[in-house]
Amino acid sequence: MDEGSLSLPPFTGHDEKSQRNYHLALRGNSLNPMIDAATPLLGMVMRLSTMNSQTMPEHLFAQVVTDVQAVEQLLQEQGYEPGVIISFRYILCTFIDEAALGNGWSNKNEWIKQSLLVHFHNEAWGGEKVFILLERLIREPKRYQDLLEFLWICFSLGFRGRYKVAAQDQGEFEQIYRRLYHVLHKLRGDAPFPLLHQDKKTQGGRYQLISRLTVKHIFCGGVVVLALFYLFYLLRLDSQTQDILHQLNKLLR
């Protein structure tokens with residue numbers, strides 16, 4: 001198998017589309033090399049999530065195992081730390097397993113017997129551990145930036161882990177999601193707005209605050225500014241997520 005792509009066996013359906021060999025090429029302009037390496041598998045999850053167990057490629061589980069191993073080898077060649085690669089594989093396997101079980105893939109595939117997480121890590125479920133891992137990684141965001149960005153992509157594509165079955169905790173997940181985004185935004189240095197700097201020489205200029213300005217006015221103004229910043233972050237977050245989905249969809253055409 002070519003390490004730069006993911007090739008799935010022909011589908012067993014009778015339509016022309018299902019007879020294709022799905023071949024997803026890597027793109028080289030994503031957030032980081034780790035996401036580049038995982039793009040074929042992420043695209044595979046998106047493509048197959050729309051299918052039922054009757055149209056699943058045969059031996060899909062074995063194919064994905066081979067592809068995960070190929071991605072792991074690629075990251076080793078790129079010089080990632082062994083611990084980072086293991087963490088990456090754990091997150092990736094948990095995400096794919098969640099998608100497989102959530103979309104009924106396990107009914108007619110090897111996932112009903114053994115998950116990726118069991119195969120690679122001898123664990124049955126990683127939905128809780130991923131968030132524990134996130135808390136450890138986020139303590140050193142610069143060191144683990146690529147891995148944190150990969151996890152953010154997984155969240156953007158629907159991975160929920162322990163929050164998958166806890167609808168009442170969706171607000172908590174949103175807080176984690178936005179916290180991770182803000183950490184990564186800070187690392188990348190993409191300041192949303194330039195700050196105006198007032199030099200001491202200009203403090204006596206002709207543009208003065210009116211004497212009736214009160215603490216209440218200042219507080220309300222601050223709330224408005226913060227709301228604008230938050231709105232900008234939400235729009236930017238949505239834009240980046242849509243861009244990722246668009247690029248993955250282009251691969252699947």
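Since every read-out is calculated from the coordinates, none of them should be taken as a lab result. Note that the structure is a prediction, hence the values are computed from the model and not measured. Counting neighbours? That spans all protein chains shown, and the Cβs are built from the backbone with ideal geometry, glycine included.
Arrange 129, 113 by Cβ neighbour counts within 10 Å, fewest through most, would you?
113, 129
Rank these for me by crowding, 111, 125, going from fewest to most other beta carbons within 10 Å.
125, 111
Please work out the FRET efficiency for the pair residue 185 and residue 124, using the Cβ-Cβ distance as r and a Förster radius of 35 Å; give the result to the nearest 0.05.
Efficiency for this residue pair is about 0.50.
Could you list 36, 169, 97 so that the one with the fewest beta carbons within 10 Å of its beta carbon is first and the one with the most is last?
In increasing order of surrounding Cβ atoms, one gets 169, 36, 97.
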